[in-house]
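Okay, so here's the structure we're looking at.
The values are calculated or read from the model by the stated rules, or taken from the named source; none is laboratory data. A quick note: this is a predicted structure, and the numbers were derived from the prediction, not measured. Using ideal geometry, Cβ is built from the backbone for each residue, glycine included, and neighbour counts are taken over all protein chains shown. Ligands, DNA and RNA are excluded from the accessible area calculation, which covers all protein heavy atoms including side chains. Shrake-Rupley method; radii C 1.70, N 1.55, O 1.52, S 1.80 Å.
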Amino acid sequence: MSNSSPASPAALLEVRNIAKQFPGVKALNQVSLTLNHGEVLAVIGENGAGKSTLMKILAGVQTPDSGSLIIDGKTVSISTVEEALDFGIALIHQELNLSENLDIAANIFLGREPNSWGIINRSQTDIESEKLLKRVGLNLAPQTLVGLLTVGQQQMVEIAKALSINARILIMDEPTSSLSLHESEALFAVIRELKAQGVSIIYISHRLGEVNELADRVVVLRDGENAGDLDRASISHDQMVQMMVGRNVSQFFPHRSRQTGDVVLEVKNIRTPANPAHKINFSLKKNEIVGISGLVGAGRTELMQVLFGIDAPREGTIIVNGQEVNIHSPKDAIRAGLALVPEDRKLQGLILEMAVRENMSLASVSRDQKTLGIINFAQERNLTEEMISAMKIKTPNDRQIIQFLSGGNQQKVVLGKWLAMSPAVLLLDEPTRGVDVGAKEEIYHLMVELASKGMAILFVSSDLEEILGISDRVLVMHEGQLTGELSRKEMSEESIMQLATGQIREPVKT
């Protein structure tokens, strides 16, 4: 680490003209920002805008090709994570890095345990951990196994771990992506408390409502460059979206009325294994987009998994195009004309080590095989090229390993994989989770286009704005029960939340 070159004493951190290039990709080009003491600075942008690369440079995971970092008015060099920690910079990753087989105290001080003659001083780690846990509002014993904690509690342990090294700058990357509403609110309270204590926070999120609520300032990146910034008084959803995508997104939710066709999917008296006490009944028509809303734990994903044959129902009937179907596996569901884009694309929707082409053809590989089980590679290439073009997937070529694509482009590959099968019913579980606003807009337009061409779409979303913006009807669930159904005219945040919290109404006639 080296220190020189005085800079502005007002800012805790200054980033000046940082550039970073990877083979064939200019990730950052002359990016600059400042972070003040006790400030929440949101850094936003579409997937691929350069946010993650910039944060990794600040945290010592990567080094810049050019530009300078200035802390407390002095130019510094940060080339390792250890050097970043010495300067008080800690990165809290979206995917938490905790050892579930160790307790909280052991995780907080892992690799930095106070010891005498090689013997860990457990009493000291417990005392220090207890102080840190109180600071983040976590009322748990330091001896509690991390594996027993909720994701939200583990997030707080990560923050406590960062504070244990006297972090002055906390970088939070999509911190609420796996949290419930209650856990998110608890995190926001901790962020406000840390800010009051003088800790500076760089907050990255695709959830612009959170940014609006928390940020003192917003820095927007687009295509690896500064696209602008907003002070507290100027922060609004429309302003942020416009700066992120470089255009006025006046038709962000492209809903339009359509004449619905015949009933494509009927669900009669289905009881899911997760919530066997309740019977679920509903129907879905051709040309229709129906949203499923509800709070965390409402049973929405569990219902989708039964429809797609991942889990077997305890009771009930599924009818597709007027024919009762026995769905005991995803193969049965695919054969019946159903397709599911799952909630977790990385775990359930993709094989990250494989190429775009191989992932795109996964669902249709049996259909496109030659005799003797040999894959028709020419047909696979044609299919992939067609879907890359139709879905506007940004990839150097169809041989690109899919883990190196942005989240939005990964999601488009999952969608393309199923659209190649021309399903009658498309099931989408949180289709825009973890993708930027530009990719969200493209997915919404795709959903409307597919419905206009006759497809029936059933989608789960935790984003009320999304439910209200794209749905023709909405089904609302609470603790495994379908508490009501709302027509487009009846839909509002208030009417949905009443049903989502347990108020029951009779379904409307469709």
Checklist entry - Are any residues in the range 50-85 more than 17 Å from residue 224 (Cβ to Cβ), in a strand (DSSP E or B) and open to solvent by 40 Å² or more (accessible area, probe 1.4 Å), and if so, which ones? => result 74
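Is it true that some residue in the range 93-113 is on the phi > 0 side of the Ramachandran plot, in the same structural domain as residue 26 (by the TED database) and modelled with pLDDT under 90? Show your work before the answer.
Within the range 93-113, the first condition is being on the phi > 0 side of the Ramachandran plot, and the residues that meet it are 111.
Cutting the leftovers down to in the same structural domain as residue 26 (by the TED database) gives us 111.
Narrowing further to those that are modelled with pLDDT under 90: 111.
The answer is yes, given that some residue of the range 93-113 is on the phi > 0 side of the Ramachandran plot, in the same structural domain as residue 26 (by the TED database) and modelled with pLDDT under 90.
Considering only the range 292-300, I want to know if a residue exists there that is hydroxyl-bearing (Ser, Thr, Tyr) and open to solvent by 30 Å² or more (accessible area, probe 1.4 Å).
The first filter runs over the range 292-300 and keeps only residues hydroxyl-bearing (Ser, Thr, Tyr), leaving 293.
Applying the additional criterion that residues be open to solvent by 30 Å² or more (accessible area, probe 1.4 Å) yields none.
No, the conditions are met nowhere in the range 292-300.
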Checklist entry - Does residue 108 meet the test of being buried (at least 17 other Cβ atoms within 10 Å of the Cβ), touching a helix residue (DSSP H, G or I) at 6+ places or on another chain (Cβ under 7 Å), over 26 Å from residue 406 (Cβ atoms) and touching a residue at least 40 places away in the same chain (Cβ under 8 Å)? => result yes
Item to check | One residue from 466, 494 being open to solvent by 10 Å² or more (accessible area, probe 1.4 Å), acidic (Asp, Glu) and modelled with pLDDT under 90 | outcome: 494
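When the residues of the range 116-129 are filtered to those that are polar (S, T, N, Q) and out of contact with any helix residue (DSSP H, G or I) (no Cβ under 9 Å at 6 or more places or on another chain), which remaining residue is farthest from residue 161 (Cα to Cα)?
The first filter runs over the range 116-129 and keeps only residues polar (S, T, N, Q), leaving 116, 121, 123-125, 129.
Filter once more, so that each one left must be out of contact with any helix residue (DSSP H, G or I) (no Cβ under 9 Å at 6 or more places or on another chain): 116, 121, 123-124.
Values: 116: 22, 121: 17, 123: 17, 124: 15 Å.
Going through the qualifying residues, I end up with 116.
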Item to check | Flag if residue 472 is acidic (Asp, Glu), more than 22 Å from residue 262 (Cα to Cα) and touching a residue at least 12 places away in the same chain (Cβ under 8 Å) | outcome: no
Checklist entry - Inside the range 422-443, can you point out the residues that are more than 30 Å from residue 323 (Cβ to Cβ) and assigned to a loop (DSSP other than H, G, I, E, B)? => result 432, 433, 434, 435, 436
Checklist outcome for this item: In the range 9-49, residues that are open to solvent by 70 Å² or more (accessible area, probe 1.4 Å), in contact (Cβ under 8 Å) with a residue 40 or more places away in the chain and either among the charged types (D, E, K, R) or not in a strand (DSSP E or B) (or both) total 5
Checklist outcome for this item: Per the list (1) modelled with pLDDT under 95; (2) exposed (fewer than 15 other Cβ atoms within 10 Å of the Cβ); (3) in a strand (DSSP E or B), residue check on residue 1 breaks on (3)
